[in-house]
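Heads up, the thing below is written out as structure tokens.
The values are calculated or read from the model by the stated rules, or taken from the named source; none is laboratory data. In this text the structure is predicted, and so the values were computed from the model without any measurement. All Cβ positions, glycine included, derive from the backbone under ideal geometry; neighbour counts span all protein chains shown.
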Amino acid sequence: MNALIEVRGLDKAFGGVHAVEGVSFSVQAGQVYSVIGPNGAGKTTLFNLISGLYTPTSGEIRLNGESTARLEPNQLAERGLCRTFQQMQICMNMTAIENVMLGRHLKLKSNLFSTLFRLPSLLRDEQACRQRAKELMEFVGCGEYLDTDASAMSYGALKRLEIARALAAEPTLILLDEPAAGLNATETAALEVLIRKIAVQGTTVMLVEHDMKLVMGISDHLLVLNYGRVLADGTPAEIRQNPDVIAAYLGG
Amino acid sequence: MLNRFMQSRLRGLMVLAVILFSLPVFLSNPFHYELATQMAIIAGTVVGLNLLVGFAGQISLGHAGFFGLGAYFTGIMTGHYGWSAIPALVVGAILVGLIAWIVGRPILRLKGHYLSMATLAVGFIIAIIINNERQLTGGPDGMPVPVFDVFGWELSPFGTYSLFGIELNGSEAWYLFAAAVLLVAVWLAQNLIDSPIGRALRSVHGSEVAARVVGVNTARYKSLVFVISAVYASVMGGLYAHFQGFITPAVASFDFSIVLITMVVLGGMGSTMGVILGAVVLKLLPQILTHFQEMEAVMFGLILMLTMIFMPKGLLPTLQMAVSKRLKRRAGGQQ
Ligand SMILES: Nc1ncnc2c1ncn2[C@@H]1O[C@H](COP(=O)(O)OP(=O)(O)OP(=O)(O)O)[C@@H](O)[C@H]1O
Ligand SMILES: [Mg+2]
């Protein structure tokens, strides 16, 4: 079977610090694939490498067999990859729904002429886009915020809004970096339901998360990083019993 | 929902139209009209600059350069080569857009102070060229510009016209024309902002990282908005040249670039109506403070600084916030 993501010998150094070092793994389409590890293990760096925000010091990432080395984040988005951020990246100069509509950027024809003169074709597309964005906001549970300024929304709602924006791009692979961070128990439970719904739709999910209950319950496969290196790799059951993991992470 | 939004867009435009077309009630002499016409033309320039600065979060400290290029291109083509004004404006805008695209590609990779310096340099280079090309531009002495015409039909500040049976003198007619142009400029800008392209532009400001991961080619959009704002400046510069009938390199000067950017910052970055207010206020100020003529640059610098420290959102957004806060408080008090 051909992997959706294939990572070989990936390395990223910041000065002398190897944030990611010799990491190899692959993600099959349709999986919920989680990356766990202590603070500073290199999880976010790994996501930044996969999404093209960082260029690897060495090693290779293949998306559907294609090397991503020369691809910009927006070109990766064109190939179906989208993500959210541990440090939320919301456009605070827009309303909530505009943030989600931004997620549909690649689905929209953007013709300068029809834009400037606001031709009916543009209005039709915009209306459809808005409708879809509204559905997604309801899907992630922030349907009550449509025309609210993003800057006026609560932290939890913004986290869900960011997921809605990523989903708006209709990605085949979505990367979620600590979506449960800062959420209370109820919100986390809702998030779990949401991630399951995303996975059921056939979207491959890569997840970085510290909430072990969430991760263990939801993942098909886990990758454990420690000091930038792969400590273990397996199903939740395997990881739970892995003595290295217990010693380095779960136990501590 | 969409309907409501459309209405609110049109409402802003309508309010502006009412203000612009009822202003003549308060204008009693040609000098007032001249000032109001200049305001409208400069407001149009600032509306374009605001797309770059306020919405896309970039900066240009050389925008007078594009204004000056538009002014001189029109002046030269109509004056030396006998072109009609409209083709001169259009071809000028295309050329300036092209120039903006060529210089924009490399410099818009820069951020912050580096981008400021680079755009500043672009403005300086244009001003130097205009100053030195004496044969075409008249150098520091400036050059006369023929009367504005629409394929032979002339609009002169010294003519007399009639519109719907109303007698208008030339300065009144020019004001109405400039006001109409400003309305179109605002309408186009609003259409741009409230569109997929506009969201992409604003996302470059809001979160460039977010923009990139949802597929926005940020480099391309920065270039695009730089070109659009330069085209605005070029067209307005061309109109300004015809209206004034005489231009000097001051239209492309660093001082004027600073005036333009101060209008945007003072009025309210990202607020189209706000920057128009900024243009009006900063155009009026020197009239009121005539004694400070030599200190104009200092004054503008000071205004820029004070606004950024005490009113970072700008005049109109700050006023709007204050009003809505007061309304809310009053509504709360009644309960
Ligand atoms: N842009 C950067 N420049 C320099 N060092 C960096 C950079 N990004 C990450 N690092 C370093 O790389 C290491 C891994 O950081 P990373 O953010 O990937 O960890 P993480 O696993 O996501 O941690 P957390 O669970 O706290 O989010 C850390 O030591 C961090 O200081
Ligand atoms: Mg992290």
Taking residue A:202 as the residue in question, decide whether it is more than 12 Å from chain B (Cβ to nearest Cβ), out of contact with any helix residue (DSSP H, G or I) (no Cβ under 6 Å at 6 or more places or on another chain) and of a type in the set (Gly, Ala, Ser).
yes
Would you check if there is a residue in segment B:172-195 being away from chain A (no Cβ under 14 Å), over 20 Å from the mean Cα position of the chain (by Cα) and under 29 Å from residue B:17 (Cβ atoms)?
yes
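Each row is one residue, and each column tells you yes or no for (1) under 28 Å from residue A:160 (Cβ atoms); (2) more than 10 Å from chain B (Cβ to nearest Cβ); (3) part of a loop (DSSP other than H, G, I, E, B); (4) of a type in the set (A, V, I, L, M, F, W, C).
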position	(1), (2), (3), (4)
A:9	no, yes, no, no
A:23	no, yes, no, yes
A:40	yes, yes, yes, no
A:44	yes, yes, no, no
A:55	no, yes, yes, no
Of the residues in segment A:46-81, those that are within 16 Å of ligand 2 (Cβ to nearest atom) and either of a type in the set (Phe, Trp, Tyr) or touching a residue at least 40 places away in the same chain (Cβ under 8 Å) (or both) come to A:46, A:47, A:50, A:51, A:54
I'd like the full set of residues that are part of a helix (DSSP H, G or I) and exposed (fewer than 15 other Cβ atoms within 10 Å of the Cβ), limited to segment B:118-140.
B:125, B:128, B:132, B:134, B:135, B:140
Confirm whether residue A:175 is farther than 18 Å from residue B:195 by Cβ and in contact with a Cys (Cβ under 9 Å, 6 or more places away or on another chain).
yes
What number of residues within segment A:13-24 are within 8 Å of ligand 1 (Cβ to nearest atom) and closer than 23 Å to residue A:179 by Cβ?
2
If we keep only residues of segment B:147-205 that are of a type outside the set (Gly, Ala, Ser) and in a loop (DSSP other than H, G, I, E, B), then the residue farthest from residue B:74 (Cα to Cα) is B:194
Counted residues, segment B:101-113 - those being part of a helix (DSSP H, G or I) and farther than 20 Å from residue B:259 by Cα:
7
Hey, does segment A:68-76 have a residue that's hydrophobic (A, V, I, L, M, F, W, C), within 9 Å of another protein chain (Cβ to nearest Cβ) and surrounded by 15 or more Cβ atoms within 10 Å (Cβ to Cβ)?
yes
Which of the following residues is aromatic (Phe, Trp, Tyr), surrounded by 18 or more Cβ atoms within 10 Å (Cβ to Cβ) and either touching a strand residue (DSSP E or B) at 6+ places or on another chain (Cβ under 6 Å) or more than 18 Å from residue B:253 (Cα to Cα) (or both): B:55, B:67, B:73?
B:55
Would you mind stating whether residue A:97 is of a type in the set (Val, Ile, Thr), more than 16 Å from ligand 2 (Cβ to nearest atom) and facing another protein chain (nearest Cβ under 7 Å)?
no
Candidate set from segment A:25-38 (those that are away from ligand 1 (no atom under 13 Å from the Cβ) and assigned to a strand (DSSP E or B)); member that is nearest to residue A:218 (Cα to Cα):
A:32
When (1) assigned to a loop (DSSP other than H, G, I, E, B); (2) free of Cβ contacts under 8 Å to residues at least 60 places away in the same chain; (3) away from ligand 2 (no atom under 16 Å from the Cβ) are applied to residue A:113, the one that fails is (1)
Kindly indicate whether any position in segment A:142-160 is touching a residue at least 60 places away in the same chain (Cβ under 8 Å), within 16 Å of ligand 1 (Cβ to nearest atom) and in a helix (DSSP H, G or I).
yes
Taking segment A:77-86 and keeping only residues that are in a loop (DSSP other than H, G, I, E, B) and either at the interface with another protein chain (Cβ under 8 Å from one of its Cβ atoms) or farther than 12 Å from residue A:47 by Cβ (or both), one is left with A:79, A:80, A:85
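Condition check ((1) hydroxyl-bearing (Ser, Thr, Tyr); (2) under 30 Å from residue B:246 (Cβ atoms); (3) buried (at least 19 other Cβ atoms within 10 Å of the Cβ); (4) at pLDDT 95 or above) across all residues:
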| residue | (1), (2), (3), (4) |
| --- | --- |
| B:151 | no, yes, no, no |
| B:159 | no, yes, no, no |
| B:172 | no, yes, yes, no |
| B:180 | no, yes, no, yes |
| B:183 | no, yes, no, yes |
| B:199 | no, no, yes, yes |
| B:207 | yes, no, yes, yes |
Candidate set: segment A:194-230, residues that are in a loop (DSSP other than H, G, I, E, B) and within 16 Å of ligand 2 (Cβ to nearest atom); chosen: the one surrounded by the fewest Cβ atoms within 10 Å (Cβ to Cβ)
A:210
Can you name the number of the only condition in (1) crowded, with 21+ Cβ neighbours inside 10 Å; (2) of a type in the set (Phe, Trp, Tyr); (3) more than 16 Å from ligand 2 (Cβ to nearest atom) that residue A:25 fails?
(1)
Tell me yes or no: at least one residue of segment A:101-109 is out of contact with any Lys or Arg (no Cβ under 8 Å at 6 or more places or on another chain) and either farther than 24 Å from residue B:225 by Cβ or at the interface with another protein chain (Cβ under 7 Å from one of its Cβ atoms) (or both).
yes
Can you tell me which residue is surrounded by the most Cβ atoms within 10 Å (Cβ to Cβ) among those in segment B:235-257 that are touching a strand residue (DSSP E or B) at 6+ places or on another chain (Cβ under 6 Å) and part of a helix (DSSP H, G or I)?
B:241
Inter-residue pairs, beta-carbon under 6 Å, first touching a residue at least 12 places away in the same chain (Cβ under 8 Å) and in segment B:163-181, second outside any helix (DSSP H, G or I), 6+ apart:
B:169/B:160; B:170/B:156; B:170/B:157; B:170/B:158; B:170/B:159; B:171/B:157; B:173/B:161; B:174/B:157
Working only within segment B:51-94, note down all residues that are hydrophobic (A, V, I, L, M, F, W, C) and within 18 Å of residue B:118 (Cα to Cα).
B:52, B:53, B:56, B:59, B:61, B:64, B:66, B:67, B:69
